[in-house]
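Peer 1: This structure is in structure tokens; I'll ask about it shortly.
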Amino acid sequence: GLDNFIAVFTQPIFYKALFNSFLYVGLSLLIGFFIPIFLALALNEIPRAKVFFRTVFYLPAMTSPIVVAFLWRQFYDKTPNGLLNTVLAPFVNGANALFGTSWPVANDWLGNPNLAMFAVVLPGIWAGAGPGSILYLAALKNIPEERYEAADLDGANWKQKILWITLPGLKPLVLINLLGVFIAGFKAMENVFVLTGGGPLYATHTMGLEVWTNAFMFLKFGYATAAAWVMGAILIGFSMVQIRSLLKMRFSAAKL
């Protein structure tokens, strides 16, 4: 019993996995949390083919996360002919010529400890932006049009309307999605396993991968269970804070 928890809290790799999990969540929130909101605002203003664009952006949700990970693994090919390196080559060459730098044209995105976590986070952001935007798009229908009309009469511009009307109206869904992104990011395992396997040099070794590898590769089920309890306690604590905030809000049905 307690020996397993002692083993967990005395293993340096456990703290590395814990730090990487928080880093994974932080990058997911910093880079991709607001992309679905802006995408929903754009989809809401498209005059034509709304159903087509909504379907296109929702398609990644119908694809297995493993398939998405393998797709991006090909995208991250480290050779100069790799898709990402090919796309970025003109910009890198232009920057080198302009500033006199010597940035490499071909990057090993998954083999560089400084780039690996960033590369692992991007596929999840890409796959989740479209489905998330559909949820925000539905929530936009819950904001009364009278507020926008009153803002127009007061001379508000589009930035002020987004800041003072749209974002406050989406606050409940933002908090719910914040909870979902935190939980999904903290227990991320499949995409990390496919893309890097936790490397290089444990740069992408997350809590989910720590639990899985110890349970099913090293058969250390006691240690893995203790690590899973620690991860679960962190998620429960964060969920309780978010749920307490949600309970203070009032929800109403949208007018169709």
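The values are calculated or read from the model by the stated rules, or taken from the named source; none is laboratory data. Keep in mind that this is a model prediction, so the values were computed, not measured. Every residue, glycine among them, receives a Cβ derived from its backbone with ideal geometry; neighbour counts consider all protein chains shown. Each accessible area value is taken on the protein alone, full model and side chains, heavy atoms only, with ligands, DNA and RNA left out. Shrake-Rupley method; radii C 1.70, N 1.55, O 1.52, S 1.80 Å.
Peer 1: Might you let me know whether segment 70-78 holds any residue that is within 28 Å of Ser21 (Cβ to Cβ) and acidic (Asp, Glu)?
Peer 2: Checked against the condition, which is being within 28 Å of Ser21 (Cβ to Cβ) and acidic (Asp, Glu), segment 70-78 yields at least one hit.
Peer 1: Considering only segment 52-59, I want to know if a residue exists there that is among the charged types (D, E, K, R), surrounded by 11 or more Cβ atoms within 10 Å (Cβ to Cβ), within 27 Å of the chain's Cα centre (by Cα) and at pLDDT 90 or above.
Peer 2: There is no residue in segment 52-59 that is among the charged types (D, E, K, R), surrounded by 11 or more Cβ atoms within 10 Å (Cβ to Cβ), within 27 Å of the chain's Cα centre (by Cα) and at pLDDT 90 or above.
Peer 1: Hey, could you check segment 212-241 for residues that are open to solvent by 30 Å² or more (accessible area, probe 1.4 Å) and among the β-branched types (Val, Ile, Thr) and say which is farthest from Tyr76 (Cα to Cα)?
Peer 2: Step by step, filter segment 212-241, then rank; the result is Val241.
Peer 1: Right, here's the next one. Could you list, in sequence order, all residues of segment 1-25 that are of a type in the set (Gly, Ala, Ser) and either in contact with a Cys (Cβ under 8 Å, 6 or more places away or on another chain) or open to solvent by 50 Å² or more (accessible area, probe 1.4 Å) (or both)?
Peer 2: Residue satisfying the conditions is Gly1 alone.
Peer 1: If Leu110 meets every condition in (1) open to solvent by less than 50 Å² (accessible area, probe 1.4 Å); (2) in a helix (DSSP H, G or I); (3) in contact (Cβ under 8 Å) with a residue 24 or more places away in the chain apart from one, which number is that one?
Peer 2: Single failed check for Leu110: (2).
Peer 1: Of the residues Ala156, Ala150, Ala188, which single one is crowded, with 16+ Cβ neighbours inside 10 Å, modelled with pLDDT under 90 and farther than 28 Å from Phe70 by Cβ?
Peer 2: Matching residue, one of Ala156, Ala150, Ala188: Ala156.
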